[in-house]
Amino acid sequence: MDVVSRAQAKRVKSRQPNSEEPRGGRSEAGGTDLISLLPDEILGSVISLLPIKEGARSQILSSRWRPLWRSAPLNLDAYGIGGVSHANAVVSRILAEHRGVARCFSVPYSILLGDSATLDGWLRSPSLDNLQELDFGFSPFASPSSLMPLSALRFSPTLRVTKIRSCQFPGDATHQLHFPNLQHLLLQSVTISEDSLHALLAGCPVLDKFELMYDNDREAMPPSALHFSSTLRVAKFVDCQFPNTAAHQVHFPNLQHLELVTVTISEGSLHAMLSGCPSLNSLILTCSSGFRQFLINSPKLKHVNMYFFRSDTNIRLEELIVENAPCLERLYLCGSHEDKINISILSAQKLKILGLFNCHIFGLKIGTTIFHGPHDVRVETVMHTVKVLALNLDNLCLDAVINLMKCFPCLEKLYIETHLMDTGNMCLHYSKDLECLDLHLKELRISYYNGTRSHVEFAKYFVLNARMLESMVLAVDQDKEGCDLWFDKQRRQLQLGKRASIGAQIEFSCDDCFNYLDVIQEFSGPSE
């Protein structure tokens, strides 16, 4: 990359006639405009990173900038340009006038609707030669769906990313389906024959990420969808039924991230599929069904996120068993209030983050420790590796939480969500002799804190006994905002003057109660 020194800038400035100072030739502070002195290639790359509107507007900066946009690499994203007629005119004009190398062409269905002919005309433009990223879709509400123009396949030698939505794949295109450089393929609500899909995936020798998505309720997935390249690292399937025979035959030696969303898959197929993924690092199951038991027995799996909600199927998860997961670091389970899910963690030597939401936590077994209820616990197994624990409780039962904390003596962060008001029978059979309270617990967050007796007693226990506590956040409903008298009363009841940790910050928050989980990314999906 060429670098313009201050000495060079002064020499260039000295050669410029004072009477012809170009617009943009001086910065707002009165110094030389060093940006305009950069080579065209660098300025063009900067312009290509801007949204299409801002990139085009760069022409008004000065005569120096005027020709740059038309020759800069083209990243044409038509989203947000305007209505259908206006957007069509803008896209057509850009393709007619632009002379730079084409990188990305993206057109949402809100512009195309069902107009396959207009898209075909755009894709034939010489301005898009050697295109690297193609993203388009037609209206998902059209019936029948629009036909994908064959011109979309003319970029097959250069495409690296292809996203196609809501259309019919041409049946006579099998011989053109060779994408030697394609790394990311997304097919959403695309009608495609078994032969074409098989040929398409076979023609992607370096495919890294594959997403197959339907908009209909659990449409049958063609078996050829599982015949992708051995180079694949990321796969996502949405709204489909897995073919049992194909799932038992697959082998994905390099697959690291698998996501199943609203997928129907049998218990045998699920376990067979995971057995065929020896390198799997991350698994996300969202609203999927067809299996009652899920057994985690994986040598490299690090992150498991599971979201289960009430569905119209009778075959739902009832038992989760972590049998052997030597690399598992995060286990997050969010289940339906109506479902009772039994959880057994038998072997997870590196587990750091455990999240149990909307499930009955007393159907829980950790090693040889079994929770039959808040007062029926015999702690025999402890997990020193767990640092973060997140819970959803019907009510703030202190005994239940303390019994769990005994299993995790090195706990540093405790997040609790509850929705019920005071139950009137707060249990106080707890012990104050907890290692994590004396040595480790630094952060406590309680969402939907109501200030009722049980809530006050629950929070006060940690105020008076957590010696290493640095932060306690009590998230309250937004209708409490501005109620200074209520907050003053809560502070008195919590006996903040007697807190065990002098440096602990006690905060009431009216923000959305559990948004901090997104902020700290304790439970966010791993990077792909």
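The values are calculated or read from the model by the stated rules, or taken from the named source; none is laboratory data. This structure is a prediction, so every number in the text was calculated from the model and none was measured. Please note: Cβ atoms are built from the backbone with ideal geometry, for glycine as well, and neighbour counts cover all protein chains shown. Surface accessibility is based on the protein's heavy atoms, side chains included, excluding ligands, DNA and RNA. Shrake-Rupley method; radii C 1.70, N 1.55, O 1.52, S 1.80 Å.
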**Request:** State all residues of the stretch 81-111 that are among the charged types (D, E, K, R) and within 34 Å of the chain's Cα centre (by Cα); if no residue qualifies, say none.
**Result:** Arg103
**Prompt:** Which fully enclosed strands (runs of 3 or more DSSP E) of the stretch 305-396 have 3 or more residues being surrounded by fewer than 18 Cβ atoms within 10 Å (Cβ to Cβ) and either among the aromatic types (Phe, Trp, Tyr) or modelled with pLDDT of 90 or more (or both)?
**Reply:** 319-324
**Request:** Looking for whichever is open to solvent by 30 Å² or more (accessible area, probe 1.4 Å) and either touching a residue at least 60 places away in the same chain (Cβ under 8 Å) or of a type in the set (Phe, Trp, Tyr) (or both) here; the options are Asn254, Asn281. Which one fits?
**Result:** Asn281
**Prompt:** For the stretch 77-117, how many residues meet the condition of being assigned to a strand (DSSP E or B) and charged (D, E, K, R)?
**Reply:** 2
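Yes or no: Ser288 in contact (Cβ under 8 Å) with a residue 24 or more places away in the chain, more than 20 Å from Leu185 (Cα to Cα), of a type in the set (Ser, Thr, Tyr) and open to solvent by less than 40 Å² (accessible area, probe 1.4 Å)?
Numbers: in contact (Cβ under 8 Å) with a residue 24 or more places away in the chain: yes; more than 20 Å from Leu185 (Cα to Cα): yes; of a type in the set (Ser, Thr, Tyr): yes; open to solvent by less than 40 Å² (accessible area, probe 1.4 Å): yes.
Taking the combined requirement at face value, the residue satisfies it.
Please determine whether any residue of the stretch 118-135 is aliphatic (A, V, I, L, M), open to solvent by 40 Å² or more (accessible area, probe 1.4 Å) and in a helix (DSSP H, G or I). Spell out the reasoning first.
Filtering the stretch 118-135 down to residues aliphatic (A, V, I, L, M) leaves 119, 123, 128, 131, 134.
With the extra rule that they be open to solvent by 40 Å² or more (accessible area, probe 1.4 Å), the set shrinks to none.
Checked the stretch 118-135: no residue is aliphatic (A, V, I, L, M), open to solvent by 40 Å² or more (accessible area, probe 1.4 Å) and in a helix (DSSP H, G or I).
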**Prompt:** So, in the stretch 441-476, of the ones that are part of a strand (DSSP E or B) and open to solvent by 20 Å² or more (accessible area, probe 1.4 Å), which residue ends up nearest to Cys410 (Cα to Cα)?
**Reply:** Glu443
**Asked** What's the number of the condition Val206 fails, among (1) part of a strand (DSSP E or B); (2) open to solvent by 10 Å² or more (accessible area, probe 1.4 Å); (3) under 23 Å from Leu128 (Cβ atoms); (4) not charged (D, E, K, R)?
**Response** (1)
**Prompt:** So, of the residues in the stretch 219-241 that are without any contact (Cβ under 8 Å) to a residue 60 or more places away in the chain and among the β-branched types (Val, Ile, Thr), which turns out to be least open to solvent (accessible area, probe 1.4 Å)?
**Reply:** Val238
**Prompt:** Restricting attention to the stretch 251-269, which residues are under 22 Å from the mean Cα position of the chain (by Cα) and polar (S, T, N, Q)?
**Reply:** Asn254, Gln256, Thr262, Thr264
**Message:** Given the criterion outside any helix (DSSP H, G or I), surrounded by fewer than 16 Cβ atoms within 10 Å (Cβ to Cβ) and of a type in the set (D, E, K, R), identify the matching residue among Asp488, Asp438, Asp479, Asp511.
**Reply:** Asp511
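Could you tell me whether any residue of the stretch 449-457 is over 27 Å from Lys406 (Cβ atoms) and modelled with pLDDT under 85?
no
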